[in-house]
Structure formats: structure tokens, C-alpha cells
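S.K.: Attaching a single structure in C-alpha cells format; questions to follow.
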Amino acid sequence: MNTSKVLSEREQKLLIALVKMVDQYLVEHGDEVDSLAMSAGEHAIEALATFGLMENINTRFGRWTEAGNRFREEFNRIKGYRSVENPGGIKLVGRPKPEG
């Protein structure tokens with residue numbers, strides 16, 4: 001099932017924003033998403049589960065469903081963003097400059 005065809009434009013726009021916030025601010029451990037015990041993260045997982053994009057594991061953790069992963073891929077393609085796992089991407093790492 002193509003989730004974006006079933007959703008209204010308004011629902012799709014809101015879910016895109018919510019998925020982006022989860023991807024940006026919550027932590028993934030393998031296939032699980034950690035809400036970091038933040039109320040907003042817990043509500044985001046619950047809301048996405050309502051639409052079948054995530055599965056509630058417990059009050060703190062969720063898991064992307066196949067539909068959720070397809071929705072994320074479709075969103076990335078629409079907006080021209082690449083997945084974080086892109087091997088050609090740049091990963092910034094570093095340490096603060098020591099004072100002295």
C-alpha cells in the first residue's frame with residue numbers, strides 16, 4: 001500500500017514534518033527508535049504508530065514499520081535529501097580545541 005496515496009495532502013504534510021523530527025532528534029538503536037524519555041518523542045512515536053508508520057514497542061521505544069520506511073524513502077526522494085546511511089555523504093567529527 002502506498003501510504004502517500006491514501007493520506008490527504010494535509011495529513012501527508014504533517015506526517016512528513018513528524019517523520020523528519022523523529023529522524024533528526026531521536027536516537028536509533030538498530031531498528032528501534034528511542035524517544036529519550038521525552039514526552040514529545042513518545043507522542044511522536046504514538047502518532048506515527050496510529051498511521052501504521054511505526055510500531056510501539058513500549059512507552060519509550062518504537063520501531064519503523066515497512067510502510068514507515070517506505071514513507072521515509074519517498075519523502076527523501078521527493079525533497080531531494082539523501083539517507084544518512086549514504087556512503088558518499090560527509091560525516092563531521094572532531095574535538096573542541098583545547099584552551100591554553
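The values are calculated or read from the model by the stated rules, or taken from the named source; none is laboratory data. Every value quoted in this text rests on a predicted model; they were computed, and no experiment measured them. With ideal geometry, Cβ positions are generated from the backbone for all residues, glycine too; neighbour counts draw on all protein chains shown.
S.K.: Being surrounded by 17 or more Cβ atoms within 10 Å (Cβ to Cβ) and out of contact with any Leu (no Cβ under 8 Å at 6 or more places or on another chain) is the filter here; which residues of segment 33-44 pass it?
M.R.: Of the residues in segment 33-44, the ones surrounded by 17 or more Cβ atoms within 10 Å (Cβ to Cβ) are 33, 35, 41-42, 44.
Within segment 33-44, just 42 meets the criteria.
S.K.: Still on this structure, please answer the following. Sort out which residues of segment 1-25 are crowded, with 18+ Cβ neighbours inside 10 Å and farther than 13 Å from residue 75 by Cα, and write them in order of number.
M.R.: Within segment 1-25, 22 is the sole residue that qualifies.
Listed here are the residues, each with its yes/no results for (1) under 19 Å from residue 7 (Cα atoms); (2) among the small types (Gly, Ala, Ser); (3) touching a Pro at 6+ places or on another chain (Cβ under 7 Å).
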residue: 19; (1), (2), (3): yes, no, no
residue: 30; (1), (2), (3): no, yes, no
residue: 34; (1), (2), (3): no, no, no
residue: 39; (1), (2), (3): no, yes, no
residue: 65; (1), (2), (3): yes, no, no
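Quick grid of which residues meet (1) β-branched (Val, Ile, Thr); (2) modelled with pLDDT of 95 or more:
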| site | (1), (2) |
| --- | --- |
| 50 | yes, yes |
| 55 | no, yes |
| 88 | no, no |
| 92 | no, no |
| 99 | no, no |
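S.K.: Tell me whether segment 56-68 contains one or more residues that are in contact (Cβ under 8 Å) with a residue 40 or more places away in the chain and small (Gly, Ala, Ser).
M.R.: yes
S.K.: Name the single residue, out of those in segment 57-86 being of a type in the set (Ser, Thr, Tyr) and surrounded by 12 or more Cβ atoms within 10 Å (Cβ to Cβ), that is modelled with the highest pLDDT.
M.R.: Among them, the one singled out is 65.
S.K.: Of all the residues that make up segment 17-35, how many are over 13 Å from residue 64 (Cβ atoms), within 9 Å of the chain's Cα centre (by Cα) and either touching a residue at least 12 places away in the same chain (Cβ under 8 Å) or in a loop (DSSP other than H, G, I, E, B) (or both)?
M.R.: 3
S.K.: Restricting attention to segment 36-54, and to residues there that are of a type in the set (A, V, I, L, M) and not in a helix (DSSP H, G or I), which single residue is nearest to residue 68 (Cα to Cα)?
M.R.: So the residue we want is 53.
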